[in-house]
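The values are calculated or read from the model by the stated rules, or taken from the named source; none is laboratory data. Just so it is clear, the model here is predicted, and its values are computed rather than measured. Every residue, glycine as well, gets a Cβ built from its backbone with ideal geometry; the counts of neighbours run over all protein chains shown.
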Amino acid sequence: MGRAKQDKTIKQLTVSQFESLFPDETACKTYLVAHRWPQGVHCPRCGNAELYDASSYQDFHWQCRACAPDGYRFSVLVDTIFENTNKPLKTWFRVIHAMLTAKKGVSALQIYRTMDIGSYKTAWYMCHRIRAGLADEDFQKLMGIVEVDETFVGGLAKNRHKDKRGDGSGGTGGSGKAIVAGAVQRKGNVVARVIENVKASTLTEFVRESVSTKVSLLCTDQYPGYRSLDKDFPHSTVDHAAGEYVVGPVHTQTIEGFWSLVKRGMIGTFHRVSKKYLPLYVAEFRFRYNNRQNPDIFGEAIKGC
């Protein structure tokens with residue numbers, strides 16, 4: 001009998017497991033300490049690890065006598081997105097858990113409706129604070145086979161392409177759409193960022209910042225803005241306008257799959273996203289995608305927050 005097919009589904013925390021793991025504030029703060037300072041608590045100002053335990057003053061507080069004349073007192077929440085909050089840490093953890101376990105995200109309105117947040121404004125603020133914590137730009141440059149593409153968020157223009165349906169200047173054609181550039185390593189991570197235009201100089205700068213020159217293959221469509229990449233990368237293209245989508249290993253279907261996730265989330269979950277806050281939503285989708293095989297995506301998020 002053949003070997004049973006391996007289940008590759010990554011199991012995340014269920015709601016019951018979450019409630020069991022975090023029964024109270026003490027459990028939440030203990031978890032935050034362990035993920036924030038895995039090598040032991042140290043001063044967030046000077047890095048000193050020889051601290052005075054100030055728990056007699058208040059739980060989960062320490063005092064550093066190395067970087068301030070009278071000692072610098074800090075809590076587990078200092079320099080995190082949870083600092084100066086009037087909401088319990090467990091409430092923040094619940095919101096993070098909800099955002100990370102929903103494939104297409106969860107809206108602030110849904111958070112407000114299902115959790116004891118207080119107001120929609122507070123739920124909206126918490127969600128954006130969390131997205132800011134997930135916006136980690138500290139990534140290694142992509143290698144292997146990498147696909148690069150861009151997408152337009154907001155409006156119609158019949159889904160753009162057809163040489164981006166612009167006015168020839170590299171702008172958004174007066175449509176008011178926001179532009180997001182993306183690069184994804186096959187079976188690896190994605191880098192995505194809001195950009196100002198689709199000029200060759202802008203796209204080239206994005207690729208150079210995101211992709212290693214030692215990449216084995218760089219795949220794009222035939223948009224003219226990518227032509228200058230030939231000088232620095234092993235660059236191949238597919239001609240979507242001619243109905244060409246896959247030529248051997250050359251295609252952009254992986255990055256287009258990521259755009260599909262983003263757009264389904266934008267339309268089905270968030271409905272409308274302003275240009276001002278779009279980078280935060282992109283960061284959320286990028287974080288979820290890059291941790292899709294991480295069984296402790298929640299812990300990874302807590303380290304970043």
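In the list 254, 204, which residue meets the criterion of being hydroxyl-bearing (Ser, Thr, Tyr), at pLDDT 90 or above and buried (at least 19 other Cβ atoms within 10 Å of the Cβ)? Spell out how you get there, then give the answer.
On the way: 204 fails: buried (at least 19 other Cβ atoms within 10 Å of the Cβ).
Selected residue: 254, the only one of 254, 204 that is hydroxyl-bearing (Ser, Thr, Tyr), at pLDDT 90 or above and buried (at least 19 other Cβ atoms within 10 Å of the Cβ).
Taking only pairs six or more apart or across chains, which ones have beta-carbon atoms under 7 Å, a first residue in the range 198-224 that is over 13 Å from residue 150 (Cα atoms), and a second residue that is of a type in the set (Lys, Arg)?
Qualifying pairs under 7 Å: 210/141; 211/141; 212/141.
Which of the residues spanning the range 236-245 are touching a helix residue (DSSP H, G or I) at 6+ places or on another chain (Cβ under 9 Å) and either loosely packed, with under 11 Cβ neighbours inside 10 Å or not β-branched (Val, Ile, Thr) (or both)?
241, 245
Just wondering, is there one or more residues in the range 46-56 that are hydroxyl-bearing (Ser, Thr, Tyr) and touching a Cys at 6+ places or on another chain (Cβ under 9 Å)?
Taking the range 46-56 and keeping what is hydroxyl-bearing (Ser, Thr, Tyr), we get 52, 55-56.
Those still in the list that are touching a Cys at 6+ places or on another chain (Cβ under 9 Å) too: 52.
Looking for residues that are hydroxyl-bearing (Ser, Thr, Tyr) and touching a Cys at 6+ places or on another chain (Cβ under 9 Å), one finds at least one in the range 46-56, hence yes.
Looking only at the range 72-82, decide whether some residue is touching a residue at least 24 places away in the same chain (Cβ under 8 Å) and on the phi > 0 side of the Ramachandran plot.
yes
Condition first: closer than 14 Å to residue 230 by Cβ and buried (at least 17 other Cβ atoms within 10 Å of the Cβ). Now tell me which residues in the range 189-201 satisfy that.
Answer for the range 189-201, where residues must be closer than 14 Å to residue 230 by Cβ and buried (at least 17 other Cβ atoms within 10 Å of the Cβ): there is none.
Test of understanding: among 101, 80, which residue is closer than 24 Å to residue 254 by Cα and of a type in the set (S, T, N, Q)?
On the way: 80 fails: closer than 24 Å to residue 254 by Cα.
From the options 101, 80, the qualifying one is 101.
With (1) surrounded by 17 or more Cβ atoms within 10 Å (Cβ to Cβ); (2) under 21 Å from residue 145 (Cα atoms); (3) hydrophobic (A, V, I, L, M, F, W, C) as the list, and residue 266 as the residue in question, which single condition is left unmet?
Just one mismatch for residue 266, condition (2).
Between a residue in the range 31-49 that is surrounded by 14 or more Cβ atoms within 10 Å (Cβ to Cβ) and any residue that is at pLDDT below 90 and among the basic types (Lys, Arg), which pairs come within a Cβ distance under 7 Å, given they are 6 or more apart or on different chains?
If the second residue must be at pLDDT below 90 and among the basic types (Lys, Arg), the pairs left are 35/303; 36/303.
List the number of the failed condition for residue 100; all other conditions in (1) in a helix (DSSP H, G or I); (2) surrounded by fewer than 21 Cβ atoms within 10 Å (Cβ to Cβ) hold.
The number of the failed condition is (2).
Given the criteria in a strand (DSSP E or B) and among the small types (Gly, Ala, Ser), does residue 228 qualify?
Considered against the rule, which asks whether it is in a strand (DSSP E or B) and among the small types (Gly, Ala, Ser), residue 228 comes out as no.
Would you check if there is a residue in the range 57-71 being in contact with a helix residue (DSSP H, G or I) (Cβ under 7 Å, 6 or more places away or on another chain), within 24 Å of residue 284 (Cα to Cα) and surrounded by 14 or more Cβ atoms within 10 Å (Cβ to Cβ)?
So far as the range 57-71 goes, no, none of its residues is in contact with a helix residue (DSSP H, G or I) (Cβ under 7 Å, 6 or more places away or on another chain), within 24 Å of residue 284 (Cα to Cα) and surrounded by 14 or more Cβ atoms within 10 Å (Cβ to Cβ).
Of everything in the range 278-305 that's over 13 Å from the mean Cα position of the chain (by Cα) and assigned to a loop (DSSP other than H, G, I, E, B), which residue is surrounded by the fewest Cβ atoms within 10 Å (Cβ to Cβ)?
Only one residue tops the list, namely 293.
Looking at the range 18-28, is at least one residue in a loop (DSSP other than H, G, I, E, B), modelled with pLDDT under 90 and either under 27 Å from residue 258 (Cα atoms) or not hydrophobic (A, V, I, L, M, F, W, C) (or both)?
Within the range 18-28, none of the residues are in a loop (DSSP other than H, G, I, E, B), modelled with pLDDT under 90 and either under 27 Å from residue 258 (Cα atoms) or not hydrophobic (A, V, I, L, M, F, W, C) (or both).
Of all residues in the range 231-275, which are in a strand (DSSP E or B) and among the β-branched types (Val, Ile, Thr)?
237, 238, 247, 250
Residue under question is residue 12, and the condition is that it be of a type outside the set (A, V, I, L, M) and touching a strand residue (DSSP E or B) at 6+ places or on another chain (Cβ under 8 Å); does it hold?
Details: of a type outside the set (A, V, I, L, M): yes; touching a strand residue (DSSP E or B) at 6+ places or on another chain (Cβ under 8 Å): no.
Criteria not met by residue 12.
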